[in-house]
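Notes to accompany the following structure.
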Amino acid sequence: MAFAEDLAPFFDTAEFGTAASYLPLGSVEDPTSINGIFDRAYAEPIDGVAEGVRPVFLCAATDVPNAAHGDTLTIAGSTYKVRGVQPDGTGVVLLVLEAQ
């Protein structure tokens, strides 16, 4: 069950949040502007393969209620495809991204 708290202050772009344009796969509508926390952290290699970065975007689940693989996020002029959707049960979701 999600908290009833307003999550907007956690993703405020005046602090440490990042603005993104979100477009669901197959949508014919204009992208939606959402705020979240973008990170490109180092990703450890698995079985000695694929060392690199793992871009992720943490945001309010209500901003992306039907997030799915193949959706698109544009952040600071770079485009990413959603490759993983990890809700945490508190009203926040981590979108695992792949650079395009």
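The values are calculated or read from the model by the stated rules, or taken from the named source; none is laboratory data. All values derive from a computational prediction rather than experimental measurement. Positions of Cβ are backbone-derived with ideal geometry, glycine not excepted, and every protein chain shown enters the neighbour counts. SASA here: full protein model, heavy atoms, side chains in, ligands and nucleic acids out. Shrake-Rupley method; radii C 1.70, N 1.55, O 1.52, S 1.80 Å.
As a summary of the residue check, residue 39 satisfies the conditions (1) in contact with an Asp or Glu (Cβ under 6 Å, 6 or more places away or on another chain); (2) surrounded by 14 or more Cβ atoms within 10 Å (Cβ to Cβ); (3) not polar (S, T, N, Q) except for the one numbered (1). Scanning region 70-100 for residues that are among the polar types (S, T, N, Q) and at positive phi returns no hits. Residues of region 74-92 that are within 20 Å of residue 42 (Cα to Cα) and assigned to a strand (DSSP E or B): 75, 78, 79, 80, 81, 82, 83, 84, 85, 86. Determine whether residue 56 is at pLDDT 95 or above, closer than 23 Å to residue 28 by Cα, open to solvent by less than 80 Å² (accessible area, probe 1.4 Å) and assigned to a strand (DSSP E or B). Considered against the rule, which asks whether it is at pLDDT 95 or above, closer than 23 Å to residue 28 by Cα, open to solvent by less than 80 Å² (accessible area, probe 1.4 Å) and assigned to a strand (DSSP E or B), residue 56 comes out as no.
Cβ-Cβ distances below 7 Å connect the following pairs, each with a first residue in region 11-31 that is closer than 23 Å to residue 83 by Cβ and free of Cβ contacts under 8 Å to residues at least 60 places away in the same chain, a second residue that is open to solvent by 70 Å² or more (accessible area, probe 1.4 Å) and of a type in the set (Gly, Ala, Ser), and a separation of six or more residues or different chains: 19/33; 21/33. Just one of the listed residues (52, 70, 36, 77) is in contact with a helix residue (DSSP H, G or I) (Cβ under 6 Å, 6 or more places away or on another chain) and closer than 18 Å to residue 99 by Cβ, and it is 36. When residue 89 is tested against (1) open to solvent by 50 Å² or more (accessible area, probe 1.4 Å); (2) closer than 26 Å to residue 8 by Cβ; (3) over 10 Å from the mean Cα position of the chain (by Cα), just one condition goes unmet, and that condition is (1).
Exactly one residue out of 21, 33 is out of contact with any His (no Cβ under 7 Å at 6 or more places or on another chain), polar (S, T, N, Q) and surrounded by 13 or more Cβ atoms within 10 Å (Cβ to Cβ): that is 21.
How many residues are part of a loop (DSSP other than H, G, I, E, B) and open to solvent by less than 70 Å² (accessible area, probe 1.4 Å) when one looks only at region 59-73? Steps first, please.
Keep residues of region 59-73 that are part of a loop (DSSP other than H, G, I, E, B), which gives 64-71.
If we keep only those that are open to solvent by less than 70 Å² (accessible area, probe 1.4 Å) too, we end up with 64, 67-68, 70-71.
Number of matching residues: 5.
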